[in-house]
Amino acid sequence: MTTPTQTPPGTAPRAHPRTAAVHKPARSRREQQGAAWVFLSPWAIGAAVLTLLPMAISLYLSFTDYDLFNSPHWVGLRNYTQMFTEDPRFWRSVGSTLLYVVIAVPLQLALALTVAIALKSVKAGKGFYRSAFYAPSLLGASMSIALVWRAIFNDGGTVDNLLSAVGIHTGGWVNRPGWALLTVALLTVWQFGAPMVIFLAGLQQIPAELYEAASVDGAGKWRQFRSITLPMLSPVLFFNLVLQTIQAFQVFTPAFAVSGGKGGPADSTLFYTLYLYDRGFVASHMGYASAMAWVLLLAIALVTAVLFRTSRTWVFYANEEGR
């Protein structure tokens, strides 16, 4: 009969090898998770302090009467009811913004795709052309560029002088209600470099064998574009559409510079963000401006959801069956 091994006095019992093997990975995972949280903590703190906390404060202020100088006074839904039922300039800003989005986004994407297709076939100097077309996007929607743009399309500017030379007298695009919004839209279209680069990357992923097979079958360039390029490029097109639409709803600097901060002439460039700025920082109605900001957030979320919903009918993913 065997007797159990006795532990000598004064020594700790030795852990079973299997028990140590089980506890060691668990302890290692906990250590890795702890290290991950340590590295993520600056981002988490920054997101909470710089994003979530201001959003919560803005949501509270949207239900108050706040003028930046006195304490907020709770008014409930009055800001929202006033916005939708008593403020005609609010609806004019909505209309101007929607018209701008409908004009600027399709034109910008069409130009970006056209240039990307042209650059794909360029052999010599491809890097130079890519950089040259992308350069306007690096400038961004800065105030200086917007002011130069206003000078070009103003009365006596470059465009006005060129049109006057051929007998077309406009008096400056920025001074005419029917043309001022188009001036701002053209500035956005001009900065098509970012979607162009994304389109170019997508075009390079399309197999050349598809075009070769289509050519053998007698398909022309237009048929190849409709049957191969657009379907294969639809995920990239959808990505650019969502991204540029969200940015278009938030446009501010070009409209501010072209209209001098007033949204004129005749509120034709009174974009939503410009009117929000006017209510919040010019008229000191920060509670009303906060309510406008949350309406804009919900509107962008709704438009984005609609785009995702409708994408099921026209976006093609090669790894999905039956599409």
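The values are calculated or read from the model by the stated rules, or taken from the named source; none is laboratory data. Here the structure is a predicted model, which is why all the values come from computation and not from measurement. Every residue, glycine as well, gets a Cβ built from its backbone with ideal geometry; the counts of neighbours run over all protein chains shown.
Observations
- Among the candidates ALA293, ALA301, ALA219, residue that is surrounded by fewer than 13 Cβ atoms within 10 Å (Cβ to Cβ), small (Gly, Ala, Ser) and either free of Cβ contacts under 8 Å to residues at least 24 places away in the same chain or closer than 17 Å to VAL94 by Cβ (or both): ALA301
- Residues that are without any contact (Cβ under 8 Å) to a residue 60 or more places away in the chain, among the polar types (S, T, N, Q) and over 20 Å from VAL242 (Cβ atoms) within the range 115-147 comprise SER121, SER131, SER144, listed in sequence order.
- Pairs where the first residue, in the range 238-254, is in contact (Cβ under 8 Å) with a residue 12 or more places away in the chain and among the hydroxyl-bearing types (Ser, Thr, Tyr) and the second is outside any loop (DSSP other than H, G, I, E, B) and surrounded by fewer than 16 Cβ atoms within 10 Å (Cβ to Cβ), C-beta under 6 Å, 6+ apart: THR253/MET143
- Meets criteria (part of a helix (DSSP H, G or I), at pLDDT 95 or above and at negative phi) for LEU274: no
- Counting only residues that are β-branched (Val, Ile, Thr) and either in contact with a Cys (Cβ under 7 Å, 6 or more places away or on another chain) or under 15 Å from THR273 (Cβ atoms) (or both), the range 203-259 holds 5 of them.
- The lone exception for ALA35 - which of (1) part of a helix (DSSP H, G or I); (2) under 25 Å from LEU274 (Cα atoms) it fails: (2)
- Scanning the range 162-170 for residues that are in a helix (DSSP H, G or I) and either modelled with pLDDT of 85 or more or in contact with a helix residue (DSSP H, G or I) (Cβ under 9 Å, 6 or more places away or on another chain) (or both) turns up nothing.
- THR188 vs. criteria β-branched (Val, Ile, Thr), modelled with pLDDT of 85 or more, touching a helix residue (DSSP H, G or I) at 6+ places or on another chain (Cβ under 6 Å) and surrounded by 13 or more Cβ atoms within 10 Å (Cβ to Cβ): yes
- Of the criteria (1) over 21 Å from the mean Cα position of the chain (by Cα); (2) closer than 27 Å to ALA289 by Cβ, which one GLY127 fails: (2)
- Qualifying position, being in a helix (DSSP H, G or I), within 21 Å of the chain's Cα centre (by Cα), at negative phi and among the basic types (Lys, Arg), among ARG226, ARG309: ARG309
Conditions tested, residue by residue: (1) touching a Ser or Thr at 6+ places or on another chain (Cβ under 8 Å); (2) under 30 Å from TRP179 (Cβ atoms); (3) touching a residue at least 40 places away in the same chain (Cβ under 8 Å).
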residue: PRO207; (1), (2), (3): no, no, no
residue: THR269; (1), (2), (3): yes, yes, yes
residue: TYR275; (1), (2), (3): yes, yes, yes
residue: GLY280; (1), (2), (3): yes, yes, no
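- The range 56-69, residues that are surrounded by 14 or more Cβ atoms within 10 Å (Cβ to Cβ) and of a type in the set (A, V, I, L, M): LEU59, LEU61
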